[in-house]
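In what follows, a single structure is set out as structure tokens and then discussed.
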Amino acid sequence: MKHAIYKAALFLGAAVMMNSCSLDEYNPSQTTGDETLATFSGWKGLQTYCYSPLYGQLFSAFDYMSVAECGTDLWVTANNKTWAQELFYYEGLATNTNYTNKLFKEAYSMINSCNAVINRAPNVTNGAASDMGVLTAEAHCLRAYYYSILVTNYGNVTLTLDESSDNVNLTPKRSTISALYAQMVTDLKYAAEHLNATPYNGDYARVTKKTALGLLARVYAQGAGEGLTEDGVSYWQRAKEVSEDLINNASSYGAYLYTDVNDVWAQANNKSNKEALFIAAGPDTNDASATTYSESNLFSYSYPNPYSLSDVFKTKDSQNYLYGRVNNGVLAPSKYLIDCFDATYDKRWEDSFTTAFGDFSYEQTPSWGGTGTYAKKAVTITQAMCTKYGIGTQFIGQKIYPYADFRYKAETFSQYPAKVWAQGTTTADTTKLTSVKNIYANPYPLDATENRFAIYLSKDYLTAAQKAQRGYVCINIDDLFDSNGEYQSATFDGTNSYLMFPALNKFNWNYDGAFGSTLQKKDGDVMIMRMAEVYLIAAEAEQELGNGDAAAGYLNVLRKRAARSESDYESHLKLTTATEQDVLDEYARELCGEFNRWSLLKRHHAFETQLKKANPRAAAAFTAKNYLRPISYDFLNQISNASEYGTNGY
């Protein structure tokens, strides 16, 4: 492949954008080429560089999210916007679309680095055998992961296990799907055999045995969708075997599943999350000496701006130290996704979506912004508000008080960790502040007597009379959609309520260390894969093999920990058997927004059926070619057989 595409990762770029896990930096400018990579320090630096796009690019920006989640049944654009319509709706998707073009190059660049690490390992002169063995196995695991991205999205691309050299092949040939999957399986089996249950040097962002096994189960499931077999055995059977082994022997692999789903998304568990199998780890901003930070703005794409209703919500998004600056808001859940949740019984609703929006004060640090912020942020309900929003006139003169209060800390990047005012509080008494697991997970159902929230998006349909019994703005989520299942693009009630939508909160963080250089960026770990997915893969494989009862058993583990009570689980969430639709729906509830949905629909050949009922605008544009993404324009422009290689039909 073209020298410029592959070799850039090896000798360009000054520093590795890595993180709290003490993954060592690699600076190719220190020495060059073979001299550097013959030493353990130089070789290890390149090996660490193989992790660089995980947090530096793939899981900290919207680019990969748009490829991995958009164009599915789970997400549509807020207000039916024409924005990134190439990915959301397959409208105008082409070889030069930035998101898919960038992903192709990013993955191949890292594959070249992994190849160099693996192939040069025997020539390293001063590395301990134990270090060399583990780090080489990590490179095998990462190479398989990057290939899985390529093959899932682009199909039968070129398999190469050699690093680029000056003798560049400008006429690359496509490999077969079976050869590509066989190599991924080989790499992951090697990694699983040679990695330990604990990460190298305790750096939790590094892959381990559980990572390799989790990815192996995922690769088998994805390959099963291609109809592949191994030694005459269906890949579905292999996915079942690997996932069941990881589940049944979790403790020996260092794997873990929280018994309460609230703990998965507790702010205190963001760093080194026990359920994570594979992590894109952010920096430790508690380290005052740190000079390099990797920052994510993912949350800014998945939140509406409550200041759109500025008469009841006082704080502009550019000054919002609670939710952050959310001026990119575009990723909105489809009605299908919303309807997947039976929020009466399932806690994953509020663990996934913020639906009540309240303001904040900073009484814990009045010296930062002056005294009396609690009172200043309170909103007095007026006749005009009651008339406009349907609030009962009995609330005229009453106040909507702040929901949270932050404590300002001057650090390299200033921090604003927050606590919650107890419900019913009406004075700035800081003894009334409490700590909660996740400040973005609202109480459900929201109490009619709440005085801490200005705007509430109600999943349960409220009549006008019911809305009038609440001293805050109530918007029925169902009313946000038009008859086609798309978000309203103009007012339907004479207000700006159409600009609101349930906010995916999995990438919004509030703890000491979470705030980045601007309010539009935050620092936190993103789980690339977690143990819950292994249970889903086990259920998926069992169902595909015709074992619906066994599939239900694995889904029930996740449903039980998500239930509000044991009786809720037994009477409303427990399954006796599972269909393919049950599996697809459970994936939606558990993993929505976690870079998984597009690949799932692909392996189930479910785009046509799922888009038709959940994303009609995408369904109208979707054709068979959209089961693959377009090959990179930049790549095609640099090889001499672009016509032969093809664009995947674009």
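All of the numbers you see were taken from the coordinates with simple rules; none came from a lab. Everything quoted here is computed from the prediction, not taken from an experiment. Cβ atoms come from the backbone with ideal geometry, glycine included; neighbour counts cover every protein chain shown.
Values for this structure:
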read-out: nm² value of the averaged projected area, convex hull over the Cα atoms of the chain; value: 28.6 nm²
read-out: Cα-based Rg and Dmax for region 298-524, where Dmax is the largest Cα-Cα distance (Å); value: 16.9, 51
read-out: Listed residue pairs exceeding 22 Å between alpha carbons, taken from K189/K625; K377/K432; K347/K409; K274/K574; K506/K613; value: K189/K625; K347/K409; K274/K574; K506/K613
read-out: Rg over Rh, two decimals, region 510-650 (C-alpha only, Kirkwood Rh); value: 1.09
read-out: Cβ-defined net charge surrounding S252, 12 Å radius [Lys, Arg +1; Asp, Glu -1]; value: +1
read-out: Under the Karplus curve 6.51 cos²θ - 1.76 cosθ + 1.60, θ = phi - 60°, whole-Hz ³J(HN,Hα) for region 501-507, x wherever Gly or Pro sits; value: 6, x, 9, 4, 10, 5, 10
read-out: Cut-off under 5 Å, modelled amide H: who pairs with V76 long-range; value: A332, S334
read-out: Ranked packing of 64-72, 315-323, 128-136, most packed first, by mean Cβ within 10 Å; value: 64-72, 315-323, 128-136
read-out: Helix axis angle, 177-194 relative to the chain longest principal axis, alpha carbon, degrees; value: 80 degrees
read-out: Residue order, fewest to most beta carbons within 10 Å, for F622, F313; value: F622, F313
read-out: Between region 340-408 and region 525-590, the Cα center-to-center distance that results, in Å; value: 35 Å
read-out: All-pairs alpha carbon distance profile, region 261-402, 5 Å steps from 0, percent; value: 2, 7, 11, 14, 17, 20, 14, 8, 4, 3, 1
read-out: Burial ranking of peptide ranges 179-191, 602-614, 387-399 (average Cβ count within 10 Å, highest at the top); value: 179-191, 602-614, 387-399
read-out: Fewest-first sequence of R597, R617 by Cβ atoms within 10 Å of each Cβ; value: R617, R597
read-out: Percent RCO, i.e. relative contact order, over the chain, from Cα pairs under 8 Å lying at least 6 residues apart; value: 20 percent
read-out: Contact order normalised by residue count of region 255-409, Cα under 8 Å, 6+ apart, percent; value: 18 percent
read-out: Fraction of alpha-carbon pairs over 13 Å apart in region 470-522 - percent; value: 69 percent
